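The values are calculated or read from the model by the stated rules, or taken from the named source; none is laboratory data. Since this is a predicted model, take the numbers as computed values, not measurements. Every residue, glycine among them, receives a Cβ derived from its backbone with ideal geometry; neighbour counts consider all protein chains shown. Surface areas here come from the heavy atoms of the whole protein model, side chains and all, with no ligands, DNA or RNA. Shrake-Rupley method; radii C 1.70, N 1.55, O 1.52, S 1.80 Å.
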Amino acid sequence: MTPYARRGVHGQTVEALARRILGGEIPEGATLDLVALQSELDVSLTALRESLKVLAAKGMVDARQKRGTFVRARADWNLLDADVLRWQFEGGRTTGAEWSLLRNLAEVRAIIEPAAVRLAAERRTEADLLLLETAVEAMARQDADPGHAVDADLAFHRALLAATHNELLERMEMVIESGLAHRDRIVHSAPHSEDPVPAHRAVLDAVRDRDPQAAETAMRALLDQAGRDLARLDGPEDGTATDGATGSDDTKGSRGQ
C-alpha cells in the first residue's frame, strides 16, 4: 500500500490521531468523543471524519450504530502497513513497545533477507549491482552525517530486494524500511558500534559473483552484526528503553545494517 501523504490539515489530523492510539493515549476499545476531538484538534467535523476513514482503512478504528466511533483491538490493526509502522517509530523516546517491535522486525528480516539475497545473487543485473555499489560507497564515506548514513543503508536493502526481481519481495521494503530507519537512528546515537561497511561489502561481492550460498552466509553475518549493535542499546528485560536510546543524531556511531 502506498504510504499516506502527510499534507495539510487532513494529514496532520490523521497522524495526530494515529499516534495517540498507537501510544495508548486513546486505548483499545475507547469510544471517541468526536466533538471534543474536533475542538481539541481545531478541525472541522468533516475533516475529522475523513481522517478517521484513513485509520479505519488501516484497521485501527471502526464505527457502529449506538456505539459510535471506537478504537479496535490491536489484533485488528494492520501492523504491516507502512504508515502504521512509521507512526509507531516517529515519536521521541523509544518505548518498550517500540523495542519489542524492533525485535520483531529483526526476526522478520532474518526470515526474508537471507532468502531474498539468494534470489538476488541468481537474478541480479548490472543495474542492480550499480545501485548496491553506490549504496555501499555512500555508507563508507567518513564525512557522511548520520542522516545520510541511514539513507545509504536503506538504499542498500531496497536495492537488494529489487534485485530479486520478485514484485512481492520488492514490496517488503515498505515493511522493513520504517523500522530499519529507526533502528539505524538509535544505533547512530551510541558509540562503539561495529563498522557496517565490510558486512555489506561481503553481501555485494557474493551477489556480484552469483554465489547464492555465499550471499546467504554474508547476509546472516550482517544481520548478526545488526543484532549485536541493537542488543548493546536495548532496554532491560521489562522492555523499558535505556536513556541513551532516543534516536538522536547528536553522536555518530555505526552507519547501519
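Only residues that are β-branched (Val, Ile, Thr) and open to solvent by less than 50 Å² (accessible area, probe 1.4 Å): list them for region 5-51, please.
Listed by number, the residues that qualify are Thr13, Val14, Ile21, Ile26, Val43.
For region 10-19, state whether one or more residues are without any contact (Cβ under 8 Å) to a residue 24 or more places away in the chain, under 30 Å from Phe156 (Cα atoms) and within 21 Å of the chain's Cα centre (by Cα).
yes
Output the number of residues of region 146-158 satisfying the condition of being within 14 Å of Val203 (Cβ to Cβ) and open to solvent by 10 Å² or more (accessible area, probe 1.4 Å).
Total meeting the criteria: 2.
Go through (1) in contact with a helix residue (DSSP H, G or I) (Cβ under 8 Å, 6 or more places away or on another chain); (2) modelled with pLDDT under 95 and name the single condition Val54 misses.
(2)
From the residues in region 7-55 that are outside any helix (DSSP H, G or I) and charged (D, E, K, R), which one is farthest from Ala97 (Cα to Cα)?
Going through the qualifying residues, I end up with Asp42.
Under the condition of being free of Cβ contacts under 8 Å to residues at least 12 places away in the same chain and under 28 Å from Leu169 (Cα atoms), which residue from region 56-78 is least open to solvent (accessible area, probe 1.4 Å)?
Ala56
Which numbered condition trips up Leu169, out of (1) in contact (Cβ under 8 Å) with a residue 12 or more places away in the chain; (2) more than 18 Å from Ile111 (Cα to Cα); (3) open to solvent by 10 Å² or more (accessible area, probe 1.4 Å)?
(2) is the only condition that Leu169 fails.
Within region 79-113, count every residue that is more than 30 Å from Ala215 (Cα to Cα), open to solvent by 20 Å² or more (accessible area, probe 1.4 Å) and either touching a Pro at 6+ places or on another chain (Cβ under 7 Å) or of a type in the set (A, V, I, L, M, F, W, C) (or both).
So the answer is 1.
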